[in-house]
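The block underneath contains the structure these notes are about, expressed in structure tokens.
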């Protein structure tokens, strides 16, 4: 049972890390999405949400030219 809990905790931390990376890459607030990624069961929703959000960084570059 301990190994299962350890595995779930590891997956949970990896999803949180992925939420941080996606938010940083797309230009969204990293602290907000990292905190939301720490919430159990909600982290998958946040991760999928980040996957479908547009990239702010590329839009700001296009509008400045």
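In summary, residue 51 fulfils each of the numbered conditions (1) part of a helix (DSSP H, G or I); (2) surrounded by 12 or more Cβ atoms within 10 Å (Cβ to Cβ) with the single exception of condition (2). Could you look through the stretch 1-28, keep only residues that are outside any helix (DSSP H, G or I) and surrounded by 11 or more Cβ atoms within 10 Å (Cβ to Cβ), and pick out the one that is nearest to the chain's Cα centre (by Cα)? Per the stated criteria, the residue is 28.
Just so you know, all these numbers are worked out from the coordinates, no wet-lab data involved. Keep in mind the model is a prediction, meaning the values are calculated, not measured. Ideal geometry is used to build each Cβ from the backbone, glycine not excepted, and the neighbour counts take in all protein chains shown.
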